[in-house]
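**Q** A single structure is presented below for examination.
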4 protein chains.
Amino acid sequence: MHHLYNFKTMKLWNERKLNKEIEDFTVGKDYILDQNLLKYDCLGSIAHARMLGKIGILKKKEVQKLVKELNNIIEIDREGKFKIKKEEEDCHTAIENYLTKKLGEMGKKIHTGRSRNDQSLTALRLYFKDELKEIEKLTQKLIEEIKRFIKKYGKTEIPGYTHYRKAMPSTIEIWAEALSESMADNLKLLNFTLELIDQSPLGSVVGYGVPLKLEREYTAKLLGFKKVQKNPLYAQNSRGKFESTIIHTLSQIMFDLNKISSDLILFTMPEFGYFELPSEFCTGSSIMPQKKNLDMLEILKGNYYLICGFEFQVKSLISNLISGYSRDFQLTKEPIMKSFEITKDSLSVAKLLFENLKVNTEKCKKGLTEEIYATEEIYKLVKKGIPFREAYRKISEEYA
Amino acid sequence: MHHLYNFKTMKLWNERKLNKEIEDFTVGKDYILDQNLLKYDCLGSIAHARMLGKIGILKKKEVQKLVKELNNIIEIDREGKFKIKKEEEDCHTAIENYLTKKLGEMGKKIHTGRSRNDQSLTALRLYFKDELKEIEKLTQKLIEEIKRFIKKYGKTEIPGYTHYRKAMPSTIEIWAEALSESMADNLKLLNFTLELIDQSPLGSVVGYGVPLKLEREYTAKLLGFKKVQKNPLYAQNSRGKFESTIIHTLSQIMFDLNKISSDLILFTMPEFGYFELPSEFCTGSSIMPQKKNLDMLEILKGNYYLICGFEFQVKSLISNLISGYSRDFQLTKEPIMKSFEITKDSLSVAKLLFENLKVNTEKCKKGLTEEIYATEEIYKLVKKGIPFREAYRKISEEYA
Amino acid sequence: MHHLYNFKTMKLWNERKLNKEIEDFTVGKDYILDQNLLKYDCLGSIAHARMLGKIGILKKKEVQKLVKELNNIIEIDREGKFKIKKEEEDCHTAIENYLTKKLGEMGKKIHTGRSRNDQSLTALRLYFKDELKEIEKLTQKLIEEIKRFIKKYGKTEIPGYTHYRKAMPSTIEIWAEALSESMADNLKLLNFTLELIDQSPLGSVVGYGVPLKLEREYTAKLLGFKKVQKNPLYAQNSRGKFESTIIHTLSQIMFDLNKISSDLILFTMPEFGYFELPSEFCTGSSIMPQKKNLDMLEILKGNYYLICGFEFQVKSLISNLISGYSRDFQLTKEPIMKSFEITKDSLSVAKLLFENLKVNTEKCKKGLTEEIYATEEIYKLVKKGIPFREAYRKISEEYA
Amino acid sequence: MHHLYNFKTMKLWNERKLNKEIEDFTVGKDYILDQNLLKYDCLGSIAHARMLGKIGILKKKEVQKLVKELNNIIEIDREGKFKIKKEEEDCHTAIENYLTKKLGEMGKKIHTGRSRNDQSLTALRLYFKDELKEIEKLTQKLIEEIKRFIKKYGKTEIPGYTHYRKAMPSTIEIWAEALSESMADNLKLLNFTLELIDQSPLGSVVGYGVPLKLEREYTAKLLGFKKVQKNPLYAQNSRGKFESTIIHTLSQIMFDLNKISSDLILFTMPEFGYFELPSEFCTGSSIMPQKKNLDMLEILKGNYYLICGFEFQVKSLISNLISGYSRDFQLTKEPIMKSFEITKDSLSVAKLLFENLKVNTEKCKKGLTEEIYATEEIYKLVKKGIPFREAYRKISEEYA
């Protein structure tokens, strides 16, 4: 049966032919990237089907069957066996094709009251929420690891630097806590961003609603969204905008890792030696046998710029465009997905780093050279009642 | 008296001479930009002086005199008459020079227990808070103006577009509310950012504290900060990082203005004519007398990219640097200050825009051509029980 | 035999173990990206082997055998069958492993007088040259296609716009030639860039030479480089720097395609209709049957921003770093490779676009409304001797 | 006389009133930035007037008077006394107002056959050429200074680094020549860019010509342009595009200065001490008397990112726009002008740097620790006939 459908090439929007080069060009890597969204698109479809049942578009039995098959897809995907074909373009088509193949008529009904636009928005939103939660966890774990590190080494004195010059005496605790406090602020930003995007776009259709009484509150609740993104056009216009805030959020985490890597690349140099990492963290040279390079810190540090570049891509891709969907938005998928991937990997490696980071107490002590106490000398005079500026001048003479 | 000081060239850190070209190069425009910070630096100094009084470094009378003179500076500055000299480098030196000139010894004591680093951080933080609050107000005013606009024109039907093609019927309300909902979310982000940065850096000195029992909670309270930024090194490391979150926040506002400008540039074209603006909003051409250009929308739209560029400058300036202050941070001042200025001007112009924006009902009606109702035709069939995909195919044939 | 080597996991620089997570993190996608470089790395190795033969490090027979096996790899790769394993990290290790497996001792000698650094630089440089030449060809083809298009439609009059408002009468020729002239300038930049990077880094080793009399002129000649990049440290320091000029060059091409897409998205709108594209270029909607969207133009347009983002990634990745190689540079590989891929695809699609683009003469004529001739009216008066500004004022009155 | 003109508020395009806030918003800082263009706009006007004389629009005497007055403006401006008023908006209006005031009728004729668009393009193009030539000179001077530095210190051996770890022995010559070779390549790019933009846009009017037989070759020759930018629309479309190539060009110079600063910030640290700078190059601390900070290197380094940010602003400002002028382009003026200013200052300071940079031979010698010669040890074995990889393994054992 199903003579109307050629399951290999059917698209949601078209039975006419598209020029092959144009098709490849517009689809791009969407069919690959969408593998990440399969589960979320099924969840969105389950909620949508249930709502269609509630408002009488689908029969109870139809809903049950659809839900069952959608859960099947999630299962098949979990085993890594649901592959979106290039000709299918995206996860939405792949899923609808599967449903129509399995359920015939019913499969054709699931798209009632929605468009690929709000479907895609919904799947992305659910995916973003999961990724942000995962990153929240990794950040918390890193903070805990830093605290363990502080317990071990916190009291050790080290030189504090400004302008890449020794400034005043500091401690490992001050150094490491600066990172954990900063990460704690990042957690707040993560929480904010998670809440900002926690709005259900399902039912916004292409940005102008649809002549059906959709129950948007109901699907939002089923999907665990905090609220409905009421204005349907805002649902569309926030595409890319929300992504830009997410990537900015990730950039804040990556910035802290950039700084800590910069610190460690410098202070593990034999010329300083305040910190040490085990040799299984060091890569070597194909020609210089003495080399112990900390490539991992260099990659960790460099990853920050990738994130910034992705943020820029998203921020410029979505601008100078009128309200409503444009295909340009599709190009924001890869930067956001990569940003998640890079941030997760980096946080995980950063934790490993603090698990293995050692402080060389002897080298730290050696680094605490006399001039670093010049300010303390001033304050000894200040405590004797000499105005600060005069005390400063007095001690300065020793360093002229 | 004060034979030790040459008030014209005295810097906080130095009596030795700096090469003139090097000096000009490093100071840059700091002495001009710092005019924005004078008031805030005085407020910081007042709190610092009070605290020094409390812990016994300054006598009660000294505190009174210092506070009086600092308030004087604020007053002189309010009249636009306190000018920082290039040789003074920044507001901190200009203020201390003034105090020492007026109060002698006492002026020399005010710098006890702090450095220019935490002074500068404190002044900037206070300045950021004021600017963000101002922007919050302007955003609220814009939202109110949009609501007034909706009351006037909201019911008018207009074509809704996707892919720059007519999609489905929409209304002025949907269009304008998409902006006000988005701006409401921007307000939340503004609030978050305001809270994030609401931490007192005063007393962090150069990032490693100082051998004096400073009462940081006390100064934080005097200055109206929600809390102390505890770790002194984090206070330094957050320089630029906080700025980047602020500029990102502004970019979200500017993005919405970019979109609304894109909409209006298109839909005020005579080829559409859905919207109109009074002729005193239009610039003309030096050669084409018929022209009525909406340059204001083009500038409004373009301003978004300036903000994004400034965000990039800040984000890259602060990276690949070890913990602690580096002079590179100074270069973040101009981008952040310009970002505030541009955003405030743009919000103000956007409000003016909605005050004057007219909807041409007749042209909107004309724009509602037949094909825009194709989806409604489908749903008429759906309501008769035809599966969505089949209804879609049926109606499609009419547009083949 | 070869009991010392475990061919599955051997790396050029190391027999000690690297932590698995660290290894995965630092290798990243390098082993996948390096598939693009296999051929070029073999070519570099062939030239290097020949030179080692010439200066007596390798025997004639050894050179022959090495060259034969390296050519074999090129052949296997051409058939898509030479796969770099993740454990091998990069193409250099994969190739040396293969050689050592095939040739034993000899394979171990090929690395004499070089490092992975200059090997990688050489392979990349050769790859860049080929890609730039390919892009040159595609640009030329596009220019030719535009000229054919002008021959067909050039004389047709269309409205010329400024500020998105009709300005003065123009022609299809003026419109299309603006693009071909711009592309001709892009060709000049392409040529310049190609010449700039046409310097052989082979023999620079890690940036500080090697205690062997390498004949760098000889390998440069064998590889077809115009000259030797003399200073070995500059060879390293130009990593990323050259890439940034290449991506900027590509951005200029992509900018022109962004503009032409912007033009066409607007002027194919039914509200204008000056241009038309066949329906097999148009994608449809999953819900609105009347829709004919030009997604291909939107992707073409959006691709510009991806390139700009990649340029930013490279430009920031390579900065705030001291002279000499750092692993951060590895992260520049993906942005440059993607930039090539996107630019090639876009140029190819742009050619297809002009092959199929039609001008709707009738709609163009309709667009030439009266006011567009206002400037011509002024010049009629000017020719009668009336000063321009007065003539302007006279005609202006008609459009007040 | 001239009762029609109110010289204080007359604009080229308008006698009707513009809303004050809109006017301020759109004019922005243009009237200030345009001070840089006054001379060039006069030169453009002189050429234009001469051409109008040649084709019979202006009489010989009129041309003479106009040229005389335009030269007067150049003279007044040279003395810093020609100030553009905010109400005049830009240099073009200010100049035409001046001419009309002085010459009456004649002043009104000068705008025949051109628009502010091509006027502005011409002035900018001439300005760009002068700035690029100035930067060329400064780059050459820097290269000469580096060569003098090499003569003095070139032979001194220093450690060569990779991955921020000692790699192999190097020399001051290798280090400094890497910069001068890179700067020599920058010169080539400068030359290319200068030639690329050396096209006269005068006579392109608003992008669609004008119904007069303008002699564009003649004005191009008078102004010293290499050729005419033939297609009038390309003249408009290259606005911003040329700027982006110029800023990229400057970014290459600034990148080299970023690297050399990164080197020097590290290697002037007392922990290394390979390099030294005189104390009048060092700034101090307001609290730590021992500090000698090299703020100048930090600013020099940071300036690179400002340039990259400006490049991004220009590249995104000009995109997603249809062909022909839009006011968005005005916003590219500030980034390009600042980029020139920063690059010139930076090159000048870099020269000063090399004039004063000292090498501490003793510290360099101390830095040449034993392990840096490991590769040389390998090559001693290689020369004895041991395959490289085996020699590598042998020596490696010493560093396990």
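**Q** As I understand it, the value is the acute angle between the Cα axis of helix C:295-317 and the longest principal axis of the Cα atoms of chain C; what does it come to in degrees, rounded to 10?
**A** 50
**Q** Classify chain B as rounded, prolate or oblate from the Cα gyration tensor: take a ≥ b ≥ c as the square roots of its eigenvalues, call it rounded if a/c is under 1.5, otherwise prolate when a/b beats b/c and oblate if not.
**A** prolate
**Q** Rounding to the nearest 10 and keeping the result within 0 to 90°, find how far the Cα-based axis of helix C:116-153 lies from the longest principal axis of chain C.
**A** Helix C:116-153 sits roughly 20 degrees off the main axis of chain C.
**Q** Write down the percent of antiparallel bridges among all DSSP beta bridges whose residues are both part of the protein assembly as shown, to the nearest 5.
**A** 85
**Q** To the nearest 10 square angstrom, how much accessible area does A:Met337 have with a 1.4 angstrom probe?
**A** Counting only protein heavy atoms, the figure is 10 Å².
**Q** Let me ask something else about it. Using 1/(1 + (r/R0)^6) with R0 = 45 angstrom and r between the beta carbons of D:Asn356 and D:Lys60, what's the FRET efficiency to the nearest 0.05?
**A** 0.20
**Q** Choose one of C:Gly203, C:Phe149, C:Ser396: the residue whose Cα lies farthest towards the positive end of the charge dipole of chain C (beta-carbon charges +1 Lys, Arg; -1 Asp, Glu; about the Cα centre).
**A** Toward the positive end, the furthest listed residue is C:Gly203.
**Q** Where the centroid of each part is defined by its Cα atoms, how far is region B:323-400 from region A:144-190 in Å?
**A** Value for the Cα centre distance between the two parts: 46 Å.
**Q** Same structure again: Note down the accessible area of A:Leu70, probe 1.4 Å, to the nearest 10 Å².
**A** Ignoring ligands and nucleic acids, A:Leu70 comes out at about 0 Å².
**Q** Let me ask another. Just going by the charge dipole of region D:279-388, with Lys and Arg at +1 and Asp and Glu at -1 on Cβ, which of D:Asn320, D:Ile287, D:Asn303 is farthest out on the positive end?
**A** Final value for the positive-end residue is D:Asn303.
**Q** Also, I was wondering about something else. Have a look at C:Ser348, C:Thr332, C:Asn360 and report the one farthest towards the positive end of the charge dipole of region C:322-373, computed about the Cα centre with Cβ charges (Lys/Arg +1, Asp/Glu -1).
**A** With unit charges placed on the Cβ atoms, the residue in question is C:Ser348.
**Q** Give me the distance between the Cα centres of region C:214-249 and region C:79-138, rounded to whole Å.
**A** Using only Cα atoms, the two centres lie 16 Å from each other.
**Q** Quick one: pull the percentage of alpha-carbon pairs in region C:208-293 with a separation above 16 Å.
**A** The answer is 74 percent, as a whole percent.
**Q** Something else: What's the average, rounded to a whole number, of partner chain beta-carbon atoms within 10 Å of each residue's beta-carbon in C:359-371?
**A** Taking all residues of C:359-371 together, the mean is 1.
**Q** Please report the antiparallel percentage of the DSSP beta bridges confined to region B:139-264, to the nearest 5.
**A** Percentage antiparallel, nearest 5: 75.
**Q** Let me ask something else about it. Pick from D:Ala49, D:Ala374, D:Ala350: which residue has the top mean-square fluctuation in a GNM of chain D where Cα pairs under 10 Å get a spring?
**A** D:Ala374
**Q** Could you work out the local net charge near C:Gly80, counting Lys and Arg as +1, Asp and Glu as -1, over the other residues with Cβ closer than 15 Å to its Cβ?
**A** Charge balance in the 15 Å sphere: 0.
**Q** Cβ under 12 Å from C:Ile135's Cβ, C:Ile135 left aside: what net charge do those residues give with Lys, Arg +1 and Asp, Glu -1?
**A** So the environment of C:Ile135 carries a net charge of -1.
**Q** Within a 10 angstrom radius of each residue's Cβ in A:329-338, how many Cβ atoms of other chains show up on average? Whole number is fine.
**A** The per-residue average across the peptide is 2.
**Q** In nanometres, what is the gap between the two model label sites at D:Lys85 and C:Lys101, each 7 Å from Cα along Cα-to-Cβ?
**A** Inter-label distance under the simple model: 8.3 nm.
**Q** State the percentage of accessible surface on the protein assembly as shown attributable to carbon and sulfur atoms; use a 1.4 Å probe and exclude ligands, DNA and RNA.
**A** Looking at the protein assembly as shown in its full context, I get 50 percent from C and S.
**Q** Still on this structure, please answer the following. Where does the charge balance sit around C:Ser170 when Lys and Arg score +1, Asp and Glu -1, over other residues with C-beta under 14 Å from its C-beta?
**A** -1
**Q** Taking the Cα centre of region C:157-288 as origin, sum charge times position over the Cβ atoms of Lys and Arg (+1) and Asp and Glu (-1), and report the length of that vector in debye to the nearest 20.
**A** For region C:157-288, the charge dipole is close to 1040 debye.
**Q** Rounded, prolate or oblate for region D:272-400? Axes are the square roots of the Cα gyration tensor eigenvalues, ordered a ≥ b ≥ c, and the cut-off for rounded is a/c under 1.5.
**A** Cα axes put region D:272-400 in the oblate bin.
**Q** Label points 7 Å out from Cα along the Cβ direction at C:Lys384 and C:Ser279: separation in nm?
**A** The two pseudo-label positions are separated by 5.3 nm.
**Q** For region A:245-400, what is the relative contact order in percent, using Cα pairs closer than 8 Å and at least 6 residues apart in sequence?
**A** For region A:245-400, the relative contact order is 27 percent.
**Q** Let me ask you something else. Using a 1.4 Å probe, how large is the accessible area of D:Glu217, given in Å² and rounded to the nearest 10?
**A** Roughly 130 Å² of D:Glu217 is accessible to a 1.4 Å probe.
**Q** Quick one: length gained pulling A:Ala184 to A:Asn72 fully straight, 0.36 nm per residue minus the C-alpha distance?
**A** My answer for the length gained is 36.3 nm.
**Q** Still on this structure, please answer the following. With springs connecting C-alpha atoms under 10 Å apart, model chain C as a Gaussian network and identify which of C:Leu223, C:Leu353, C:Leu321 has the largest mean-square fluctuation.
**A** In the Gaussian network model the winner is C:Leu321.
**Q** At 222 nm, what helix-only mean residue ellipticity would the protein assembly as shown give, in deg cm²/dmol to the nearest 500, using -39500 (n - 2.57) for each DSSP H run of four or more?
**A** -20000 deg cm²/dmol
**Q** I'd like the orientation of helix B:172-196 relative to chain B: the angle between its Cα long axis and the longest Cα principal axis, in ° from 0 to 90, rounded to 10.
**A** Approximately 20 degrees, to the nearest 10.
**Q** Among D:359-365, C:266-272, A:199-205, what's the highest-first ranking by average C-beta atoms within 10 angstrom per residue?
**A** Top to bottom by mean Cβ count within 10 Å: A:199-205, C:266-272, D:359-365.
**Q** Is there a simple number for the mean count of other chain Cβ atoms within 10 Å of the Cβ of residues in C:387-399, and what is it?
**A** Across the residues of C:387-399, the mean count of other-chain Cβ atoms within 10 Å is 6.
**Q** Another one. Quick check: pseudo-label points 7 Å beyond the Cα along Cα→Cβ at D:Lys344 and A:Glu217, how many nm apart are they?
**A** Using points 7 Å along Cα→Cβ, the separation is 6.6 nm.
**Q** Also, I was wondering about something else. Could you grab the relative contact order for region A:53-173? Cα pairs under 8 Å, six or more apart, rounded to a whole percent.
**A** Once divided by the residue count of region A:53-173, the mean separation gives 13 percent.
**Q** Where the label is 7 Å out from Cα toward Cβ, how close does D:Asp24 come to the same position in every other copy, in nm, shortest first?
**A** 3.3, 5.7, 5.9
**Q** How large is the charge dipole for region C:255-400, taken about the Cα centre, if only the Cβ atoms of Lys, Arg (+1) and Asp, Glu (-1) carry charge, to the nearest 20 debye?
**A** 280
**Q** Something else about it: Using only protein heavy atoms and a 1.4 Å probe, how much accessible area in total is buried between C and D, to the nearest 100 Å²?
**A** Heavy-atom accessible area buried at this interface is about 8300 Å².
**Q** Please list B:Thr171, D:Thr283 from largest to smallest accessible area, probe radius 1.4 Å, with all protein chains kept in place.
**A** Listed by decreasing accessible area, they come as B:Thr171, D:Thr283.
**Q** Mind checking which lysines have their C-alpha under 21 Å from D:Lys394, skipping anything on the same chain fewer than 8 residues away?
**A** Within the straight-line cut-off, D:Lys394 pairs with A:Lys291, A:Lys292, C:Lys11, C:Lys17, C:Lys101, C:Lys108, C:Lys109, D:Lys166, D:Lys380, D:Lys383, D:Lys384.
The values are calculated or read from the model by the stated rules, or taken from the named source; none is laboratory data. Because the structure is predicted, anything quoted here is derived from the model rather than measured. Every residue, glycine among them, receives a Cβ derived from its backbone with ideal geometry; neighbour counts consider all protein chains shown. Surface accessibility is based on the protein's heavy atoms, side chains included, excluding ligands, DNA and RNA. Shrake-Rupley method; radii C 1.70, N 1.55, O 1.52, S 1.80 Å.
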